[in-house]
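Below: one structure, written as structure tokens.
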Amino acid sequence: MDDIYLVVGLGSMGKRRVRDLMKLGAGRVVGVDRRGDRRQEVQDRFGAETLEEFDMALGLKPRAVIVSVPPHLHYRFCRAALDAGAVYFVECLTALTMKEIDNLVAQDAALPGRAYPSCTNLMNEHAQHSAQALTRLGKIHSIHVSMSSWLPNQHPWEKQAGDHYEFHRAQGGGLAEPAFQLSWISNILDRMPVRVSARTSHVSDLPSGFNDLLDMIIEFDDGIVLNFHYSLCEKHDGTVGVFTRFSGAGGTVQSEPCRSRFYDLGKREWEEYSPSPSWTYEDSYLLEMRHFIGALNGNEAYQGNLQIERQVLALLLAAEESSKTGRSVEIEQTSNR
């Protein structure tokens, strides 16, 4: 009998997960969403089964639940998956409280191998090159990250209905994209952020209720400083512009979603990474689902890390406190990695 994979939430990410699980022949894929139009689209495009009610879907006794709902609903569905005896894969954990994520960490410690936080960036060929180039950089001096977009360019079909979570801080808006980037950086650095100074604000004429500007100075446990700028109100032609620069003793590593290069100080020249000829950014999602299934079957070690997700959430909550108080804030640490 085929393993059952529930994909909960059939927005843009959920559709990706259904598409890739079907392409991989993972087993029986069932999409779950209360919106009939989304269920119909998934049936028509991918030939997957769909259900309206999550509780009914749990009755199928799935092996895994892929949680692709807005961030403020993630904890509920992760816990429901665990309570049903399934594993969970989850997109982002930015709307959790520290109590909630510590509960998930404790559950994972008690029953390892059931928590699979998303690690999309680690599947990106250019990010992998950047991680390898860091081993040649020597001592890292500083890190600069810039992320920007004009929010109406993202998910315009949902904006018109007011559905997109980025418009609502209570739903994780304004923090999800920084979390994805910080998770990847923290993973490849293998260092913990310990202190942050930050400013958050709403400066545009977009509807209020979320921060459209976030600036952070983040200190790591070995003294590295990361300057992080995130804006949802910069008007340019890209959906999300991302630029990361690692500066160190041996040169500089520059990373973008579809580009990576290393400046070798010894040779005084740039080394450009050439990706596989057919590679596209969407391949990262396919590779991530393949990696998830491989780890689930015990064939490889999963690269996502729930402890890192916990530390990233602690960092972002500390950044909000720093903005409110006007002072730097110590980041709540976890006892182990």
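With every protein chain present, what is the per residue accessible area of the chain (1.4 Å probe, Å²)?
That works out to 44 Å² per residue.
In whole Å, how far is the Cα centre of the range 199-278 from that of the range 77-152?
18
Given contacts defined as C-alpha pairs under 8 Å and at least six residues apart, what's the relative contact order of the chain, whole-number percent?
Relative CO of the chain lands at 18 percent.
Express in Å², to the nearest 10, the accessible area of Asp222 obtained by rolling a 1.4 Å probe over the protein heavy atoms while all chains stay in place.
80
With the full set of protein chains in place, find how many percent of the accessible area of the chain is carbon and sulfur; take the probe as 1.4 Å.
Result for the chain: 48 percent of the exposed heavy-atom area is carbon or sulfur.
Could you work out how far apart the two model spin labels at Leu111 and Glu321 are, taking each label as a point 7 Å from the Cα in the direction of the beta carbon, and quote it in nm?
It is 3.1 nm.
Dipole magnitude of the chain about its Cα centre, charges +1 at Lys/Arg Cβ and -1 at Asp/Glu Cβ only, in debye to the nearest 20?
Approximately 240 debye in magnitude.
In what sequence, highest mean first, do 3-15, 76-88 appear when ranked by Cβ atoms within 10 angstrom?
3-15, 76-88
Say each of Asp283 and Met56 gets a label point 7 Å from the Cα, pointing the same way as Cα to Cβ; how far apart are those two points in nm?
Rounded to a tenth, the inter-label distance reads 4.0 nm.
Report the full-extension gain for the segment Lys235 to Glu330: residue separation times 0.36 nm, less the Cα-Cα distance, to one decimal in nm.
30.8 nm
Which residues make up the longest stretch of the chain clear of GluC sites (Glu not before Pro) that lie in a DSSP loop with no more than 16 other Cβ atoms within 10 Å, not counting the sites?
54-299
Trypsin sites (Lys or Arg not before Pro), restricted to the range 218-300: which are DSSP loop and have at most 12 other Cβ atoms within 10 Å?
Lys235, Lys267, Arg268
Based only on Cα atoms, what mean projected area does the convex hull of the chain have, in nm²?
Orientation-averaged projected area of the Cα hull: 17.7 nm².
How many percent of DSSP beta bridges within the chain run antiparallel, rounded to 5?
60
Kindly write out, for the range 192-200 in residue order, the coupling ³J(HN,Hα) from the Karplus curve 6.51 cos²θ - 1.76 cosθ + 1.60 (θ = phi - 60°), rounded to whole Hz, with x marking Gly and Pro.
With coefficients 6.51, -1.76 and 1.60, one gets 10, x, 10, 8, 9, 10, 8, 9, 10 Hz.
Excluding residues fewer than 8 places away in the same chain, name every one of the aspartates and glutamates whose C-alpha is closer than 14 Å to that of Lys235.
Partners found: Asp205, Asp212.
With every protein chain left in place, what is the accessible area of Asp44 in Å² (1.4 Å probe, nearest 10)?
Rounded to the nearest 10, that gives 110 Å².
Please list, ordered by chain and number, the residues whose modelled amide H lies under 5 Å from the amide H of Ser260; skip anything fewer than 5 residues away on the same chain.
Tyr273
Amide H to amide H under 5 Å from Gly31: which residues, 5+ apart in sequence or cross-chain, H placed 1.01 Å off N in plane?
Val7, Glu49, Thr50, Leu51
What does the helix-only formula give at 222 nm for the chain: each DSSP H stretch with n ≥ 4 adding -39500 (n - 2.57), the total divided by the residues, and the result rounded to the nearest 500 deg cm²/dmol?
-10500 deg cm²/dmol
Would you list His126, His202, His141 from the most to the least accessible area, probe 1.4 Å?
Sorted descending by solvent-accessible area, the residues read His141, His202, His126.
The values are calculated or read from the model by the stated rules, or taken from the named source; none is laboratory data. On a predicted model such as this, the values are computed, not experimentally measured, just so you know. Methodologically, a virtual Cβ is constructed for each residue, glycine included, from the backbone with ideal geometry; neighbour enumeration extends over all protein chains shown. Remember, those area values only see protein heavy atoms, side chains included, never the ligands or the DNA or RNA. Shrake-Rupley method; radii C 1.70, N 1.55, O 1.52, S 1.80 Å.
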